[in-house]
Amino acid sequence: MGIILVSFLLPLPNHTETGGYMMSITPHWFITMQLAARLVQLCKQKGLSQQALADAVGLHVTQIKRYEAGATQPSLDALKKVAITLGVTTDSLLFDDAERGPEDELRLQFDVIARLDNEEKRVIRELIDGMILKYQARRWAGATPAPAVVKTSADKPRARAAAR
């Protein structure tokens, strides 16, 4: 039995040379054990037995036992059903709080944004989408930001003539 490696892009604040992200190679067994521990913890919190979870998800109880033991991991479909049944996101089953989500400063800003009216939220979403597109285009092009264009006095008459 070999070890399967899973890769993730992890956010790294103040690391602009890598685009703010670092590739993390994580052993498959580590993720399986995190999932198993979270699954056991959530079932206890919700007061669900293995059989009750299996019935709600539509799986055999033996499969739930395998997930909780870390012997196997669920398919994407099963993971989705487990998350819905437990009332959590799939990310919360797979990742620690520090592994996903915004850093604290952004989290506070998002909390404030959540209290804005719908039109203000729409504008902020558009701004964020625009900045993400700009970042992705620059990253895909593999270029650094272009320097500012400096116009000389020779450029001004042509610009005025073109505007007429």
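Here, each number is a calculation from the coordinates, and none is a lab measurement. Keep in mind it's a predicted model, so treat the numbers as computed, not measured. Here the Cβ positions follow ideal geometry from the backbone for every residue, glycine too, while neighbour counts run over all protein chains shown.
What the pair-distance distribution of the stretch 37-114 shows, using all Cα-Cα distances binned every 10 Å from zero, is 17, 46, 21, 14, 2 percent. The simple spin-label model puts a point 7 Å past each Cα toward its Cβ; for Arg115 and Thr89 those points are separated by 2.2 nm. Close amide-amide hydrogen proximity is noted between Gly70 and no other residue 5 or more places distant or on a separate chain, at a cut-off under 5 Å (H modeled in the peptide plane; Pro and chain starts excluded).
Coupling constants for the stretch 81-95 follow from the phi torsions by the Karplus curve (6.51 cos²θ - 1.76 cosθ + 1.60, θ = phi - 60°), and in residue order they are 5, 4, 4, 4, 4, 7, x, 10, 8, 5, 4, 5, 6, 9, 10 Hz; glycine and proline get x. Since only Ser92, Gln63, Pro102 are under comparison, the one whose Cα sits farthest along the positive direction of the charge dipole of the stretch 55-107, derived from C-beta charges on Lys, Arg, Asp and Glu, is Gln63.
Remark on the stretch 83-130: Rg and Dmax equal 13.7, 35 Å (Cα only). Each residue, Ile128 and Ala37, gets one label point 7 Å from its Cα in the Cβ direction; the gap between the two is 2.9 nm. The reciprocal of the average 1/r between distinct C-alpha atoms defines the Kirkwood hydrodynamic radius, which for the stretch 61-105 equals 11.7 Å.
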